[in-house]
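Taking it in order: structure first as structure tokens, then the write-up.
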Amino acid sequence: MNTPDNGVRPSDGSVVALVPAAGRGVRLGGSIPKAFVTVGGTPMVRLAVEGLIASGAVDRIIVMVSTELVDSAVALLPPSDSVHVVVGGAERIDSVRAGIAAAPDAAYFLVHDAARALTPPALIARVAAELRTGHRAVIPGLPVTDTIKSVDAAGAVTGTPHRAQLRAIQTPQGFAADLLRSAYAAEGIPATDDAGLVEKLGIEVRTIPGDPLAFKITTPLDLLLANAVLDGASVGRAVTP
Ligand code: CTP
Ligand code: MG
């Protein structure tokens, strides 16, 4: 069912988390796909799934991995009837599309990168709660600390957006399920996140405050930071050994 407005209506229905984990991790440069690299001794994809479970806000979790890693993923994820593994695709967008197809019954989707392995469960719960109040597209974001400039192909600066108006966007990104399905059906111009596809439909996307711990583990420096966080005492979340 598609509703034409962005009106705020309380709503019920099942929340399905889609966890893209089918990337190779080229920028991390490891010998195994990034989602299977361990942080504090636990594979990132498992940490991400544990965070979703700990949020108490998710009814079902669908993890997308590459074909050859389906069995490994099933073996390392928490054994649960609510956790499923499906085959992802060549690009992240293809992996998310595979997850959407595997959940025709969802009322809401939370799309959450495996690479954001330390995301606090409370942030996940906040995104889901905001969806349940009737907002149809909800994404967490943090103010940026660097000045951001746009540049042309030769590297010449073409503009400096006002920093106060910028947010660095994280996951989970939450959507009314019909909206995300429409966004993926209408997909044309590439977008670097799921909300970008929804924006192209002209639908309002709401931001809520993100969390520094929801950073994406992309480079070796990020992995170092993530391991240091789990080594420290003030992580603020429980991690299953
Ligand atoms: N992802 C996916 N399917 C792809 C590509 C990426 O499911 N074909 C997932 C990754 O596994 C990751 C998330 O999307 O959890 C965010 O992508 P990114 O951080 O770019 O991870 P990778 O694509 O693995 O890393 P890189 O771009 O450095 O290769
Ligand atoms: Mg990538």
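The values are calculated or read from the model by the stated rules, or taken from the named source; none is laboratory data. A quick note: this is a predicted structure, and the numbers were derived from the prediction, not measured. Backbone-built Cβ (ideal geometry, glycine too); neighbour counts: all protein chains shown.
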Legend entry - Only listed residue being over 16 Å from ASP222 (Cα atoms), crowded, with 18+ Cβ neighbours inside 10 Å and more than 11 Å from ligand 1 (Cβ to nearest atom), chosen from ALA21, ALA17: ALA17
Inset, instruction - Find all pairs meeting these conditions: Cβ atoms under 7 angstrom apart; at least six residues apart or on different chains; first residue within segment 66-93 and under 22 Å from ALA191 (Cβ atoms); second residue part of a helix (DSSP H, G or I) and of a type in the set (Lys, Arg). - result: GLY89/ARG97
Legend entry - Output for segment 63-118, where each listed residue is assigned to a helix (DSSP H, G or I) and touching a Lys or Arg at 6+ places or on another chain (Cβ under 8 Å): LEU76, ILE100
Legend entry - Qualifying positions in segment 16-42 - free of Cβ contacts under 8 Å to residues at least 24 places away in the same chain and either more than 16 Å from ligand 2 (Cβ to nearest atom) or not in a loop (DSSP other than H, G, I, E, B) (or both): SER31, THR38
Inset, instruction - Give me the pairs, please: first residue somewhere in segment 140-161 and within 30 Å of ALA122 (Cα to Cα), second residue anywhere and acidic (Asp, Glu) and part of a loop (DSSP other than H, G, I, E, B), beta-carbon distance under 8 Å, and either six or more positions apart or on two chains. - result: PRO140/ASP211; LEU142/ASP211
Inset, instruction - For residues that are part of a helix (DSSP H, G or I) and within 24 Å of GLY134 (Cβ to Cβ), tally how many sit in segment 43-62. - result: 2
Inset, instruction - Kindly establish whether ILE61 is over 17 Å from ALA214 (Cα atoms), away from ligand 2 (no atom under 16 Å from the Cβ), crowded, with 24+ Cβ neighbours inside 10 Å and hydrophobic (A, V, I, L, M, F, W, C). - result: yes
Inset, instruction - Could you pull out the residue among VAL96, VAL127 that is within 16 Å of ligand 2 (Cβ to nearest atom), within 20 Å of ASP178 (Cα to Cα) and in contact (Cβ under 8 Å) with a residue 60 or more places away in the chain? - result: VAL96
Legend entry - Restricting segment 127-147 to residues that are part of a strand (DSSP E or B) and not aliphatic (A, V, I, L, M), the residue that is nearest to the chain's Cα centre (by Cα): PRO140
Legend entry - Matching residues in segment 66-93 - criterion: being surrounded by 21 or more Cβ atoms within 10 Å (Cβ to Cβ) and under 23 Å from ALA183 (Cβ atoms): GLY88
Legend entry - Exclusive hit being more than 17 Å from the chain's Cα centre (by Cα), modelled with pLDDT of 95 or more and among the β-branched types (Val, Ile, Thr), set VAL85, VAL49, VAL74: VAL74
Legend entry - In segment 114-140, the residues that are within 16 Å of ligand 1 (Cβ to nearest atom) and of a type in the set (Gly, Ala, Ser): ALA114, ALA115, ALA117
